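So the structure is just underneath, and the comments pick up after that.
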Amino acid sequence: MAVTDMPSGDEKPKVKLLNDPKFRSMIFQALLVVLLAWLVWSMIDNAATNLQKAGIASGFGFLSTASGFGLNFSPFLEYTSSSSFMQVYWVGLQNTLVLAVIGIFFATIIGFIMGIARLSNNWVISKIAYWYVEVMRNIPLLLQIFIWYKGVLATLPTSKNSIDLGALGFLNTKGLFAPQFIFGEGSGVMGWALLIAIAVTFVINGWAKKRQMATGERFPVFWTGLGLIIGLPILMYFIMGQPVTTEYPTSGNFGPRGGMRVIPEFIALILALSLYTAAFIAEIVRAGILAVNRGQTEASYALGLRPGQTLRLNIIPQAMRVIIPPLTSQYLNLAKNSSLAVAIAYPDLTAVFAGTALNQTGQAVEIIGMTMLTYLAISLVTSLFMNWYNAKNSLVER
Amino acid sequence: MSNTKNSISFVRAEMVPEMAPPINESGVLGWMRKNLFSSIPNTILTLLALYILYLIIPGMIQWVLTDAVWSGESRLACATIAQGGELPNDWKAACWPYVGAYLKLFIYGRYPDAELWRVNMVLIMFFVGLVPLLMPNVGFKRENLVFMLVIFPIASFVLLSGGNLDLNGFLLPDAIMGPSEFKFWVDFLILSLIICGVVWAYMNATDTDPKQAVTITAITMAVLAVILFVMSVDFGLEPVETDRWGGFVMTLVIAVTGIVAALPLGILLALGRRSDMPAVSLFSVIFIEFWRGVPLITVLFMSSVMLPLFLPDGVTFDKLLRALIGVALFSSAYMAEVVRGGMQAIPKGQYEGAMAVGLNYWQSMRMIILPQALKIVIPGIVNTFIGLFKDTTLVSIIGLLDFLGIINLSHSDSTWATPVQAMTSYVFCAFIFFLFCFGMSRYSIYMEDRLNTSHR
């Protein structure tokens, strides 16, 4: 009978080795690894031959030699034309990070304002926000950078006829001549005061949370913290005898003197990067707020919360959960897009290291590799941090 | 009790005619009350916004339309008195005759005048093929797709570059046969036979009927041969080197090639990332995360500076092709994530159902999972394309003369050099990009709505 032909439970069915899915996947993966290894090996081999032919010594020895070119922007690090290529790298990285951090700061503010404005009951306001978003995100960023740099900033008056912005300084084709803070003796204490104030705010925040859990009473953490963070350094400022002074630029015959010069490349990049990214952030904020269920608002009202409290205690915390992950990727996009600085010769990592330094040394593999890995590291570290943050703050479900 | 009839005599026998709604609740006035002046803060905001609009809008209209110069032969038409022209010294507005004079260059780049009909043919084919593809109600989607993904790229390649690809052998050593076009076909035939043989041997070894698989392989190789033949045959077209390509056409070429190359690569990477095989999924994850983690401009630098180093001696790519490779690899990583999103949205039951009816991995992907997943992610694909379309402007940094590159180049021409020149050309460029990108994003929203309703 047919029953006797059926394989019994403990006997393995006879399958050809090639039909065994496990064996097949092993073979396939082995083939893939071999193929990749061959590809990488042949690339390295070709590169070695080509470099030898071009007479370029490979290796990272060039990093310690003097660069021989100057840079027009380095807010924190020391740099002269006799600095090494390694210093060029650090200055480039510094300029990229400065650009990214300031860009993110403004993009967040503008983005949140536009995102909330988009949801406003006010027709004019929401239409303005709508068209802002649509226009900004549908025009290439590089074009926007050029518009600000060559279209707007390059047509400003020459330094003789600078535009006087009052307390902000002077604006002309050479950039913004802004007031500069000069930190004198004892200003370090103010910095410490600021750090202490931040630390104390965190402690108060923890204590307030515990107290609310225990008694239900709320403590105005925000206002206390703000008072501490602003108040303590100001208190120290007066105690230490006003160590910080401001140097205002003055208009001279040959243009503004003194103060701090912000180069036009930087202004153009900040404007373009923050306005462009803000359009994307606005959409994220809008989607985040819309994602909070209408019932949440109604429930808050039913509990007797006022509209302001509802927004602050109920809607925003829940919306943030939706907003944060895409917001992070926008921050990363901004950091990566800051590499477009190379188009208008702002000395960021791509421009000075992957551009000028590469042309000077010809070490294409090392320099491009270092540049790409740096951006990759920034991306990975940020997304790891955000994944951790996200996991900590996500809804705990059953 | 008997007078009940009288007590309800106040009930009306006929309806009261409807009254018009209160004047300040309906119509323009009501709408304004509700949407503009509902409260004091709202009124203040409205007035503030109107004031800002008053500051911006008239100035913009003056700049673009009323104050702008519309005709002229050279920079003198757009120059102020101080600059040697006739316009008042505080004049600042668009100089449109400059855009008019450069329009051909902006669209076609430096493509030879006598051959422009070829570019126009490509553009017409592109739009004729694309429009019905985008309209969900038009039939023949499969034929249309074949046209857009196979026939159109080959035809555009032949038309734009002139075809007549130089084919040399690649398999047999030179000692047996000197490099020639004939040798290429001999080599190709040998390669096809080897591949068919391997497929036949594999099918035999796994107890499957080899007939079908071998036929499919043979047909694929034959199609490939036809494609190569069409690309290599001499149609008598003047060859046009890629350094003469440029303008908006180059922007389109890069964007479309990028997306067409990225789609299959992206699908493979998405499948790889969701694969059970650790080596495959690890490779896919590293590949995807690497390209997503670096800025496109460094990728372009890499492909223009580093790629030539990695190639064996004697093999050279031209500048455009190198940029295209960079763009395709870069966007394939983004495409992979879009496709993966679609595949994750497919319920597990679909995978199990496919297995239950006895489909193998590739069959179930091809016939069950991917058709559904790709349909869901059409908006995502369009959005990736918008991003890619905007990012093509970056190739101007590595010296290709795309739309933005050629605009920047035109600024060095002294015939039209005025302070307003840069802004005029950028506004024109921004307007074109806005039209295309805004149109595409509208389309993606439309598709999203459509797909949404069909699933409910």
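The values are calculated or read from the model by the stated rules, or taken from the named source; none is laboratory data. Bear in mind that the values here come from a model prediction, so they are computed numbers and not experimental data. Using ideal geometry, Cβ is built from the backbone for each residue, glycine included, and neighbour counts are taken over all protein chains shown.
For the range A:27-52, a residue qualifies if it is more than 37 Å from the chain's Cα centre (by Cα), modelled with pLDDT under 90 and either more than 8 Å from every other protein chain (Cβ to nearest Cβ) or under 13 Å from A:Gly362 (Cα atoms) (or both), and the qualifying residues are A:Ile27, A:Asp45, A:Asn50, A:Gln52. Of all residue pairs spaced 6 or more apart or on separate chains, those with beta-carbon atoms under 6 Å, a first member in the range A:317-336 that is in the same structural domain as A:Gln94 (by TED's automatic domain parsing) and of a type in the set (A, V, I, L, M) and a second member that is buried (at least 16 other Cβ atoms within 10 Å of the Cβ) and outside any helix (DSSP H, G or I) are A:Ala319/A:Val292.
Scanning the range B:131-183 for residues that are free of Cβ contacts under 8 Å to residues at least 24 places away in the same chain, farther than 30 Å from B:Gly246 by Cα and not in a loop (DSSP other than H, G, I, E, B) yields B:Lys141, B:Arg142, B:Glu143, B:Phe182, B:Lys183.
Within the set B:Lys5, B:Lys34, B:Lys104, the sole residue that is at pLDDT below 85 and more than 14 Å from every other protein chain (Cβ to nearest Cβ) turns out to be B:Lys5.
Have a look at A:Gly259, A:Gly241, A:Gly225, A:Gly216 and point out the one that is crowded, with 16+ Cβ neighbours inside 10 Å, at positive phi and outside the structural domain of A:Met114 (by TED's automatic domain parsing).
A:Gly259 is the lone residue from the list that is crowded, with 16+ Cβ neighbours inside 10 Å, at positive phi and outside the structural domain of A:Met114 (by TED's automatic domain parsing).
Answer yes or no: is there a residue in the range A:345-361 that is of a type in the set (A, V, I, L, M, F, W, C), modelled with pLDDT of 90 or more, in a helix (DSSP H, G or I) and more than 21 Å from A:Thr80 (Cα to Cα). No, the range A:345-361 contains no residue that is of a type in the set (A, V, I, L, M, F, W, C), modelled with pLDDT of 90 or more, in a helix (DSSP H, G or I) and more than 21 Å from A:Thr80 (Cα to Cα). Of all residues in the range B:401-426, which are among the β-branched types (Val, Ile, Thr) and surrounded by fewer than 18 Cβ atoms within 10 Å (Cβ to Cβ)? Matches in the range B:401-426: B:Thr415 only.
The listed residues are B:Pro308, B:Pro312, and the only one of them that is facing chain A (nearest Cβ under 10 Å) and not in a helix (DSSP H, G or I) turns out to be B:Pro312. So, in the range A:124-152, of the ones that are under 21 Å from the mean Cα position of the chain (by Cα), among the aliphatic types (A, V, I, L, M) and at the interface with another protein chain (Cβ under 9 Å from one of its Cβ atoms), which residue ends up farthest from B:Leu50 (Cα to Cα)? Looking at the filtered set, the residue picked out is A:Leu142. Number of residues in the range B:239-296 that are within 14 Å of chain A (Cβ to nearest Cβ) and small (Gly, Ala, Ser): the value is 7. In a residue-by-residue description of the range A:232-247, the property of being touching a strand residue (DSSP E or B) at 6+ places or on another chain (Cβ under 9 Å), modelled with pLDDT under 80 and hydrophobic (A, V, I, L, M, F, W, C) applies to at least one position.
Results for (1) in contact with a helix residue (DSSP H, G or I) (Cβ under 7 Å, 6 or more places away or on another chain); (2) part of a loop (DSSP other than H, G, I, E, B); (3) surrounded by fewer than 19 Cβ atoms within 10 Å (Cβ to Cβ), shown as yes or no for each residue.
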residue	(1), (2), (3)
A:Leu39	no, no, yes
A:Ala48	no, no, yes
A:Phe69	yes, yes, yes
A:Ser82	no, yes, yes
A:Tyr89	yes, no, no
A:Leu97	no, no, yes
A:Ala100	yes, no, no
A:Phe105	no, no, yes
A:Met114	yes, no, no
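Listed conditions (1) within 11 Å of chain B (Cβ to nearest Cβ); (2) surrounded by 24 or more Cβ atoms within 10 Å (Cβ to Cβ) are all met by A:Tyr346, apart from (1).
Name, by its number, the condition in (1) farther than 30 Å from A:Tyr346 by Cα; (2) in contact with a Phe, Trp or Tyr (Cβ under 7 Å, 6 or more places away or on another chain); (3) of a type in the set (A, V, I, L, M) that does not hold for B:Leu374. Condition (2) is where B:Leu374 drops out. The conditions of being at pLDDT below 90 and farther than 30 Å from A:Ile128 by Cα are met by B:Ile81. The single condition among (1) under 20 Å from B:Gly246 (Cα atoms); (2) part of a helix (DSSP H, G or I); (3) more than 9 Å from chain A (Cβ to nearest Cβ) that B:Gly399 does not meet is (2). Candidates B:Ile398, B:Ile381: the one that is more than 17 Å from the chain's Cα centre (by Cα) and buried (at least 17 other Cβ atoms within 10 Å of the Cβ) is B:Ile398.
For the range B:53-75, check the following and say yes or no: at least one residue is modelled with pLDDT of 85 or more, over 25 Å from B:Cys429 (Cα atoms) and more than 10 Å from chain A (Cβ to nearest Cβ). Yes: the range B:53-75 contains one or more residues that are modelled with pLDDT of 85 or more, over 25 Å from B:Cys429 (Cα atoms) and more than 10 Å from chain A (Cβ to nearest Cβ). Pairs meeting the criteria (first residue in the range A:42-64 and among the β-branched types (Val, Ile, Thr), second residue surrounded by 13 or more Cβ atoms within 10 Å (Cβ to Cβ), beta carbons under 8 Å, at least 6 apart or on different chains) are A:Ile56/A:Gly362; A:Ile56/A:Gln363.
Any chance the range B:413-425 includes a residue that's free of Cβ contacts under 8 Å to residues at least 60 places away in the same chain and touching a Cys at 6+ places or on another chain (Cβ under 8 Å)? Scanning the range B:413-425, I find no residue that is free of Cβ contacts under 8 Å to residues at least 60 places away in the same chain and touching a Cys at 6+ places or on another chain (Cβ under 8 Å), so the answer is no.
Conditions tested, residue by residue: (1) within 11 Å of chain A (Cβ to nearest Cβ); (2) within 16 Å of B:Thr392 (Cα to Cα); (3) in a helix (DSSP H, G or I); (4) within 22 Å of the chain's Cα centre (by Cα).
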site: B:Thr316; (1), (2), (3), (4): no, no, no, no
site: B:Ala328; (1), (2), (3), (4): no, yes, yes, yes
site: B:Ser332; (1), (2), (3), (4): no, yes, yes, yes
site: B:Gly349; (1), (2), (3), (4): no, no, yes, no
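Here is the figure for the range B:419-440: residues that are more than 7 Å from chain A (Cβ to nearest Cβ), closer than 20 Å to B:Gly100 by Cβ and hydrophobic (A, V, I, L, M, F, W, C) total 6.
Residues that are more than 7 Å from chain B (Cβ to nearest Cβ) and among the aliphatic types (A, V, I, L, M) were ranked within the range A:361-380; the one that is surrounded by the fewest Cβ atoms within 10 Å (Cβ to Cβ) is A:Ala377.
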